[in-house]
Amino acid sequence: MGSILAASFSTPLKSAPVATTAAMDTITTVTKTIANSLLCTREFYIPGAICIYPAQSKKIIINRAPFHFGVLMKRYTVLDSFRGICALCVALHHLNVTGSITEWAIFRNSTYMVEFFFILSGFVLTHSYFSRDFNKITLANFVISRSFRLFPLHIIMLLVFLLFEFGKLAAQNYGFYFNKPAFTELSAPTEFIPNLLLLQSWIPSAESLSFNYPSWSISVEYYLYLVFGGVLFFSNDRKSIAIALFALLSVWGFYSLLSHNLLLKDDAFRGISCFFFGSLIYFIHSRIANININKYVASLLEMAIILACFFCMTLPIENKGVTVSILYGLAIIIFSGEFGIFSSLLKSTFFQNLGKHSFSIYMTHAAIIFLMVSGAMILSKLLGVELSYSQANPYGNPIRYINLGNATINNILVFCSLAVILFVSKLSYDSIEKRSIRYGKKYQINHTVQNDTNRQSTQ
């Protein structure tokens, strides 16, 4: 039944030739800006190892000192808060309650907030790993860390949705029929293995939105982690090569979305374009990280980029996914400084907890919505009152709505649902995420072993 709840993340990108050309010009301009930022007229250090002198001299000298582009290994708390806000918006995107806030334009278009997740992941991982000596042990620890970060909660939620299918099968014996029979279409047995291995967004024959449908983006992101780690490993002594590859991958991803490249699914290209765009955004951020901005100027910039993102999300514009991705990149640059009034607000305990629980919010909300909709359908049959109905969205996908007959009651239901989602996500974070991260650290190769290996390799 997961399929009846899924509002498709894979919104087709509509593009006229003129709009496509304009969008590609924008991408080219951004790429040139990045190149000019990285090859500026004064020397700077690429973390982990390469000293690039002014572009005119065309000299690249290996330097083993670990620099960080002037950026300390800080945690971007404000950006963490945005991750939590976006996760809640995605939950509201999937929760359809008649006449409630879920029908606001910002939430109907919150599918595009997944782009923010991809960009932020690329930004944060580049911040964390680009400056390191990315040898075999670092690569192994990176893969272990990322795998234990994603797979435990993903597998548990996949099993939960598998139980839902068995529940639907049992309910059919008592005369309760849902939109689709158990273990069919998006929940067919053939979809289980691709989901288990997080391959559903990469295999052409697999359904990206099968079972726990939000995991489509986790499918994309996990294998982008591996590409990211592979690039850093093979370019360990030539970090400039990594920068060039990140730029090429990002531009290729955006171009493929605009030109409707059929080599991979659009889901994959959304991730490729945005994830490596996030890496490039980090390099730009690192060039201006030490600039102090007046609090009031910073607040105006923060308000301006929030409004720009809002209008881009809600207005009918061509190539919305590409355009909003560029705006997200600017937002990350602005808010990474944490200078403005909005940044101060986002540092509050509530928003920090929201960011901390964002992955659990994202991965568990679909199951809670499934139970809500299923309950409404069962009550409709028992009481003879229509509390749930199906309606196609603008893209032709069937969406299951809940309607308790009164707008106020419907909104109360929405806020109660959000409270349940937040409560469950906290439980999930404490009982699953924290433990899996701890186990991941347990299986990593420790620093002592790594140092011994490094010493042996130099003898």
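Just so it is clear, none of the values below were taken in a lab; they were calculated from the coordinates. Keep in mind that this is a model prediction, so the values were computed, not measured. All Cβ positions, even for glycine, are placed from backbone atoms using ideal geometry, and neighbour counts span all protein chains on display.
Return the subset of LYS320/LYS426; LYS295/LYS356; LYS356/LYS441; LYS168/LYS426; LYS356/LYS434 for which the Cα-Cα distance in this structure is over 21 Å, preserving the input order. Display every interim value, and only then the final one.
Details: LYS320/LYS426 33 Å; LYS295/LYS356 26 Å; LYS356/LYS441 18 Å; LYS168/LYS426 28 Å; LYS356/LYS434 11 Å.
Violating the 21 Å Cα-Cα cut-off are LYS320/LYS426; LYS295/LYS356; LYS168/LYS426.
How many angstrom lie between the Cα centre of the range 157-193 and the Cα centre of the range 342-374?
Distance between centres, Cα-based: 26 Å.
If one puts a single equal scatterer on every Cα of the range 86-221 and applies the Debye formula without solvent, what log₁₀ I(q)/I(0) results at q = 0.10, 0.22 Å⁻¹?
-0.46, -1.33
What is the Cα centroid distance between the range 121-151 and the range 306-329, reported in whole angstrom?
Spelled out, the Cα-based centre of one part sits 30 Å from the other.
Which of the aspartates and glutamates could be linked to LYS136 by a straight reach, that is with a Cα gap under 14 Å, when you skip same-chain ones fewer than 8 residues away?
Here the aspartates and glutamates satisfying the reach criterion relative to LYS136 are ASP237, ASP452.
In what sequence do ILE333, ILE203 fall when counting other Cβ within 10 Å, fewest first?
ILE203, ILE333
Once the other residues with Cβ under 12 Å from the Cβ of GLY337 are scored (Lys, Arg +1; Asp, Glu -1), what is the net sum?
0
Which far-off residues, 5 or more places away or on another chain, put their amide H under 5 Å from the one on SER388, with H placed in the peptide plane?
ASN403
Can you put TRP104, TRP252, TRP202 in order of Cβ neighbours within 10 angstrom, beginning with the fewest?
TRP104, TRP252, TRP202
Taking the Cα centre of the range 232-295 as the origin, how large is its charge dipole in debye, to the nearest 20, when only Lys and Arg (+1) and Asp and Glu (-1) carry charge on their Cβ atoms?
I would put it at about 220 debye.
Assuming 0.36 nm per residue, please report the length gained on full extension of the stretch GLU185 to ILE291 beyond their Cα-Cα distance.
Values: separation 106, 0.36 × 106 = 38.16 nm, distance 5.36 nm.
Stretched fully, the GLU185-ILE291 segment lengthens by 32.8 nm.
Below 18 Å, Cα to Cα, which aspartates and glutamates can LYS74 reach? Residues fewer than 8 away in the same chain don't count.
GLU338
Long-range amide H contacts for ILE399: which residues qualify at under 5 Å (H placed 1.01 Å from N, peptide plane, sequence gap of 5 or more or a different chain)?
Under 5 Å from the amide H of ILE399: GLN391, ALA392, ASN393.
About the Cα centre, and with charges only on the beta carbon of Lys, Arg (+1) and Asp, Glu (-1), how big is the dipole of the range 131-250? Nearest 20 debye, please.
Dipole of the range 131-250, to the nearest 20 debye: 360 debye.
If you place +1 on the Cβ of every Lys and Arg, -1 on the Cβ of every Asp and Glu, and leave all else neutral, what size is the dipole of the range 217-361 about its Cα centre, to the nearest 20 Debye?
220 debye
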